1. In nm, one decimal, shortest first: how far is the label point of A:V103 (7 Å from Cα along Cα to beta carbon) from the matching points in the other copies?
2. Round to a whole angstrom and tell me the spacing of the C-alpha centers of the range B:156-216 and the range A:2-74.
3. Please state the charge dipole magnitude for the range B:36-147, taken about the Cα centre, from unit charges on C-beta atoms (+1 on K and R, -1 on D and E), reported in debye and rounded to the nearest 20.
4. Taking beta carbons within 10 Å but only from partner chains, what does the mean come to for residues B:172-185?
5. Got the A:A199 label distances to the other copies yet, label 7 Å along Cα→Cβ, in nm, shortest first?
6. Taking a label point 7 Å out from Cα toward Cβ, give me the nm distances from A:K170 to the same spot in the other copies, shortest first, one decimal.
7. Quantify how strongly other chains surround peptide B:97-107 by giving the mean number of their Cβ atoms within 10 Å of each of its Cβ atoms.
8. With a 1.4 Å probe and all protein chains kept in place, how much accessible area does A:W174 have, in Å² rounded to the nearest 10?
There are 2 protein chains.
Amino acid sequence: MKIGILGTGDVGKTLGKAFVALGHEVKMGSRDAKNDKALAWAKETGPKASAGTFADAAAFGDIVVLATLGIANESALTMAGCDRFRGKVVIDTTNPLDFSKGVPPTLAVSGHDSAGERVQILLPEARVVKAFNTVGSLHMFRPDFPGGPPDMFICGNDAEAKKQVAGILKDFGWGVIDSGGIESSRYLEAMCLVWVLHAFSSTPPTWNHAFKVLMK
Amino acid sequence: MKIGILGTGDVGKTLGKAFVALGHEVKMGSRDAKNDKALAWAKETGPKASAGTFADAAAFGDIVVLATLGIANESALTMAGCDRFRGKVVIDTTNPLDFSKGVPPTLAVSGHDSAGERVQILLPEARVVKAFNTVGSLHMFRPDFPGGPPDMFICGNDAEAKKQVAGILKDFGWGVIDSGGIESSRYLEAMCLVWVLHAFSSTPPTWNHAFKVLMK
């Protein structure tokens, strides 16, 4: 498959590399086609990796991964051109974190609203699936924990798209919990904060934890 | 210790019985001193169990457990008399669930607000600790899951009170994750919905699951 990644941070780089490791072709998009981080990432990741603009990556991907800062989603998607996502599966990994008062962050969007819902509204003809937002980039691919595998929570309005993302998550090494429609992003983005607050309960913060749902 | 329980539902009955099993004395309070459910619960639970009004239970407890419907917290606490909680540890188990549109429910209070914060505001001199709100009553005491023990998330502003509640949780069979101050109730109450939505992903709903945080 062809995967477009929007964003050049740790999440974009980690997921891009993971998709390449599984045999997919990946284009990492950023605001500038000559973005140093994206070019360096593509060079280091090999011939199946390339770099371009947000628009290039959105056009390239059968699946597009949104890995921008949550508070920059709207500007990135607008730059990419919302029409380019028509019919595509969009994996929204973002959290609308507000660092204006320092760490730990709070949520800039919450209550009866969420980043996931806003992405779906901006891309009405895309099939948005929230995923990868309740763990840090260190453990997104092949998570290896005692008592694992951990579980990834997903939500979205399109059953077929969720099935496809669940398959990807299984390939990545995750269990999958389906939390319903895209409006459940409200709960999954809040859950990110539980993950973040646990990180900050140690000094220095530690990022080596992931959720699991135990079942009988 | 003496434990007051406000509420006669499954959570109140389960936790009350658990405290008695661990050797504590428990008074279950309700709107009416002659509440049939509370009297039956006390009779069946034995000599360390008793029933009374909300005010009786609040006055009785060294620790008071709030186990009313989340949307009834204010009325229950007002009936109990907010002064009666002065200096006490209050374990807030509630979620502000809104069933007005059927099941699964949504949150009647969310965003920059939560049931836990409202309880702390109503009881400014109590030491409120959120706990027991991310699992159902079936598994609150001696949770027995493959891969367990599961973890309970707690939050509150008073470190000593959280330490005491963490000790109770360990006696009950839980791992404990401290999610910070009482404002983190926003995230823990949202997490309850992730638990609930997983229940409703099966038909009929199943309640045999609990969260754990895997760590390296």
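The values are calculated or read from the model by the stated rules, or taken from the named source; none is laboratory data. None of these values were measured; they are calculated from a predicted model. Please note: Cβ atoms are built from the backbone with ideal geometry, for glycine as well, and neighbour counts cover all protein chains shown. Keep in mind that these areas ignore ligands, DNA and RNA; they rest on the heavy atoms of the full protein, side chains included. Shrake-Rupley method; radii C 1.70, N 1.55, O 1.52, S 1.80 Å.
1. 4.2
2. Going from one Cα centre to the other spans 36 Å.
3. On the way: 11 positive and 12 negative charges, 38 e Å.
So the magnitude is around 180 debye.
4. Details: counts 0, 0, 0, 0, 0, 5, 3, 8, 8, 1, 0, 1, 5, 0.
Across B:172-185, the average partner-chain Cβ count within 10 Å equals 2.
5. 3.1
6. 4.0
7. Values: counts 0, 0, 0, 0, 0, 0, 0, 2, 0, 4, 5.
Across B:97-107, the average partner-chain Cβ count within 10 Å equals 1.
8. 10
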